[in-house]
Amino acid sequence: MNINSKSISEIIKSRTSIRTFNSDLLANEDKKKILDILKDTNLNTPFNEQEQHCRFEIVELESKSPEEKRKLGTYGFITGANQFIIGITRKSEYVKEEFGYIFEKLILEFTKQGFGTCWLGGTFNRENYAKIIDMKENEYILCISPIGIPANSRRMSDKLIRNAIKASKRKKWNTLFFEDDFSIPLTKNNAEKYAIPLEMLRLAPSAGNKQPWRILKEKNTNTFHFYWKIGKNLNYNKLHKIDMGIAVCHFDLMIQEMDLTGNWIIKQDSTFKFDQFKYVITWIGE
Ligand SMILES: Cc1cc2nc3c(=O)[nH]c(=O)nc-3n(C[C@H](O)[C@H](O)[C@H](O)COP(=O)(O)O)c2cc1C
């Protein structure tokens, strides 16, 4: 995948969840582009090294009857899409974060190529999807996404969903980014060259647009600790590790594009332990 040859910030800014697709069948050339992106094997993340615990399959709905489509749980809710990408995982300590990173990287590549996508972690029928794809015993479908050409305009129910969860809005910097302690907001000035990677993180998609990410910078260093805030809704809490993988993906792709060097480590510093925030990973910039 050659995502670094185009401006990652432009791709991140142009991505949005698409639930209304052009229902024309995809041209063979487009299908090939999608398969080529999925075939990319360079999918290491800060959460896994050589071994990958996720894989992706495409399900074509063209030949399925309305009844079969209804059973998949996205019928009527996602309209016009004839193809879905199914994200399949197997157990591993950081598999949700790894999956979030990898699937988002693929989604950004699809966005770059003009395809529409929508992360789906809840509103689909896992069991019925599992019946129509080849799955091993220890595998589990984590999330899926429709893929296709976005329709010219969003339909009314799509707009209503977006309004209900304020999908186009993001929390302010002073709610998300902090310095040394969660009572001291991090300013863009103090973030210095990391202001842009943090801004790209802020634009990330998240389940229910909950934006659980909270980042703590150690003063006078380029060390950033990544956490998620425990919320009241248990269903969303279950998806927050995936949200964190997505957030790390945006931050990481941006620092790569800016040639900022450093290392990712997963090691919680006891000075930075907080009851209501779950630690995920640390970036130590040079
Ligand atoms: C892990 C995850 C799971 C999601 N699950 C669903 C879902 O089940 N149904 C849905 O309509 N949108 C789902 N979304 C999409 C979010 O609602 C959307 O990303 C958020 O509202 C921000 O809007 P945007 O993607 O247009 O920026 C999910 C997003 C993420 C990251």
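Which net charge results when you count Lys and Arg as +1 and Asp and Glu as -1 among the other residues whose beta-carbon is under 14 Å from that of residue 69?
Values: positive: 64, 70, 71, 131; negative: 60, 62, 67, 68.
Net local charge, residue 69 excluded: 0.
What FRET efficiency comes out for the pair residue 138/residue 182, r = Cβ-Cβ distance, R0 = 30 Å, nearest 0.05? List each step's numbers first, then the result.
On the way: r = 38 Å, r/R0 = 1.26.
The pair residue 138/residue 182 has a calculated efficiency of 0.20.
Pairs 69/232; 166/188; 238/278: which are spaced more than 21 Å apart, C-alpha to C-alpha?
Details: 69/232 33 Å; 166/188 24 Å; 238/278 12 Å.
In this structure, 69/232; 166/188 lie more than 21 Å apart at Cα.
Taking θ = phi - 60°, what integer Hz values does the Karplus form 6.51 cos²θ - 1.76 cosθ + 1.60 yield along region 122-127, in sequence order, with x for Gly and Pro?
x, 8, 7, 9, 4, 4
Let me check I've understood the local charge: for residue 13, count other residues with C-beta under 13 angstrom from its C-beta, Lys and Arg +1, Asp and Glu -1. What total comes out?
On the way: positive: 6, 15, 112, 170, 202; negative: 10, 199.
Around residue 13, the surrounding residues sum to +3.
So which residue, out of 238, 169, 131, gets the largest mean-square fluctuation from a GNM of the chain using Cα contacts under 10 Å as springs?
Result: 131 has the largest fluctuation of those listed.
Calculate what fraction, in whole %, of the accessible area of the chain sits on carbon and sulfur atoms when a 1.4 Å probe is rolled over the protein chains.
Numbers: 6720 of 14210 Å².
The C+S portion of the solvent-accessible surface of the chain is 47 percent.
Counting only DSSP beta bridges with both residues in region 1-107, tell me the antiparallel percent, nearest 5. Can you show the working numbers first?
Numbers: 8 of 10 bridges.
Looking only at bridges with both residues in region 1-107, the antiparallel portion is about 80 percent.
Can you give the net charge of the other residues whose Cβ lies under 12 Å from the Cβ of residue 142, counting K and R as +1 and D and E as -1?
+4
Roughly how many Å² is the accessible area per residue of the chain, as a whole number, for a 1.4 Å probe? Kindly include the intermediate steps, with their values, before the conclusion.
Details: 14210 Å² over 286 residues.
With all protein chains present, the chain gives 50 Å² per residue.
Length gain on complete extension for the stretch residue 167 to residue 42, per 0.36 nm per residue less the alpha carbon to alpha carbon distance?
Working: separation 125, 0.36 × 125 = 45.00 nm, distance 3.07 nm.
Taking residue 167 through residue 42 to full extension adds about 41.9 nm, to one decimal.
Hey, rough spin-label estimate for residue 63 and residue 238, points 7 angstrom out along Cα→Cβ, what's it come to in nanometres?
About 3.3 nm, to one decimal.
The values are calculated or read from the model by the stated rules, or taken from the named source; none is laboratory data. Computed from a predicted model, the values in this text were never measured in an experiment. Cβ atoms come from the backbone with ideal geometry, glycine included; neighbour counts cover every protein chain shown. In case anyone asks, the SASA skips ligands and DNA or RNA and just uses the protein heavy atoms, side chains included. Shrake-Rupley method; radii C 1.70, N 1.55, O 1.52, S 1.80 Å.
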